[in-house]
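Remarks on the structure that follows.
The values are calculated or read from the model by the stated rules, or taken from the named source; none is laboratory data. For clarity, every value in this text was computed on a predicted model and none was experimentally measured. Cβ coordinates were reconstructed from backbone atoms using ideal geometry, including for glycine residues, and neighbour counts include every protein chain displayed. In case anyone asks, the SASA skips ligands and DNA or RNA and just uses the protein heavy atoms, side chains included. Shrake-Rupley method; radii C 1.70, N 1.55, O 1.52, S 1.80 Å.
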Amino acid sequence: MPLLSEKVTAETGRILAEMREPVRMTCFTQPECHSCQRVVDLAGEVAALSPRLRLEVKDLLADAPEAARLGISRVPTLALAREGNAWTPVRYAGLPAGHEFGAFLRTLLLLSTGRGMPGVDAAAVAPITRPADLKIFVLAA
Amino acid sequence: MVYLCNSIAAASALVTVEVIDADSFPDLVARYQVGAVPKVVINETTVVLDVVPAADVIARIAAS
C-alpha cells in the first residue's frame, strides 16, 4: 500500500514539475533496521514522480567509505544532493513525512533550482567562514 | 526552520544540515537534551530554539 495518498501524490507531482537540475537521493540502510524500508518506500514514491529525481539505496556497512565521506553514521538516513555534485548539504535521519514532508519537497526543489528561502543567498551567508554542522530536531509525526 | 537551514546549507559550501526525526532517535534526543522542537544544534554546542530570522541563524552559525 502506498505511503502517499492519491491527493498528496498528485500535489507532490505538481510541485516536483518545477525541478530543473536532477537531484540524487541516497538512502543508507541496514538489514536489521526496522524503519529503513519505509524511508526507501517513501523516497521511491517521490522519485517516481519526477524524471529529475534518482534514488539509490546503500548499506551503511557495505558502503562505509561513502557513508563516511557524507558524514553518515546512522540509519535510515537520506542524503540529498544535486546530481553530479559531490557536495551533499542536507541529510534526513528518519522518515521525512508528516509535518516535515512539505519542507522535504521544497528542499528537493531548492537543490534542483538553486533558489531557496528569499534573502538567503551567497551574499547573506558570506559571514560564515568556518565549517558548520547543524542538527535540527523535528517531529515528523 | 528546516527549510531555512537547508537554504543556508545550499548557499554555503561550509554548512551541512542533518534533519533528525526525534521520535526515531531517542538516543540523540537524550544526548542533546531535546525538550521541544524545532531545536537546532550548531557544531555540537550552540543551540537555537524556536523560529528566528534568517540573519540571526546565520550570525549564530558564523559565531559558533
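Restricting attention to segment A:89-141, and to residues there that are facing chain B (nearest Cβ under 7 Å) and assigned to a helix (DSSP H, G or I), which single residue is most open to solvent (accessible area, probe 1.4 Å)? Across segment A:89-141, the extreme among qualifying residues is A:Arg106.
When you go through A:Arg14, A:Arg54 one by one, which is the residue that is more than 11 Å from chain B (Cβ to nearest Cβ) and free of Cβ contacts under 8 Å to residues at least 12 places away in the same chain?
Working: A:Arg54 fails: free of Cβ contacts under 8 Å to residues at least 12 places away in the same chain.
Checking each option against the conditions leaves just A:Arg14.
In this structure, A:Asp41 does satisfy being open to solvent by 50 Å² or more (accessible area, probe 1.4 Å), under 23 Å from B:Phe25 (Cβ atoms) and of a type in the set (Asp, Glu).
State yes or no: is B:Ala59 free of Cβ contacts under 8 Å to residues at least 60 places away in the same chain and open to solvent by less than 80 Å² (accessible area, probe 1.4 Å)?
Numbers: free of Cβ contacts under 8 Å to residues at least 60 places away in the same chain: yes; open to solvent by less than 80 Å² (accessible area, probe 1.4 Å): yes.
Answer is yes for this residue.
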